[in-house]
């Protein structure tokens with residue numbers, strides 16, 4: 001989530017306003033998992049790990065597609 005938030009600094013043309021809200025939720029979720037994750041059952045913890053993996057994959061694809069869209073719009077103009 002910190003990398004997603006740092007996208008505003010590195011490539012501001014790709015970043016959107018709702019990214020701040022999403023990264024705040026992600027950081028809150030990460031803190032809860034770090035603090036209380038040891039109490040989770042192994043299967044529940046595994047499902048959380050899978051969920052985080054899926055979110056990271058979708059987030060990476062979203063950022064990549066935003067970059068391609070910005071590049072495509074720059075070429076047309």
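Using the Cβ-Cβ distance between residue 6 and residue 48 with R0 = 22 Å, the FRET efficiency computed as 1/(1 + (r/R0)^6) comes to roughly 0.40. Helices in the chain, meaning DSSP H runs of at least 4 residues, each add -39500 (n - 2.57). Divided by all residues, the mean residue ellipticity at 222 nm is -28500 deg cm²/dmol.
The long axis of helix 18-36 is offset from the longest Cα principal axis of the chain by roughly 20 degrees. Each 5 Å bin from 0 upward holds the following percent of the Cα-Cα pairs of the chain: 3, 14, 20, 21, 15, 11, 8, 5, 2, 2, 0. Between helix 42-76 and the chain there is an angle of about 0 degrees, using the helix long axis and the longest principal axis of the Cα atoms. Once C-alpha pairs closer than 8 Å and six or more residues apart are averaged by separation and normalised to the residue number of the chain, the relative contact order reads 33 percent.
Quick note: the coordinates plus some simple rules give every number you see, no bench work behind them. Here the structure is a predicted model, which is why all the values come from computation and not from measurement. Positions of Cβ are generated from backbone atoms using ideal geometry, with glycine treated the same way; all protein chains shown enter the neighbour counts.
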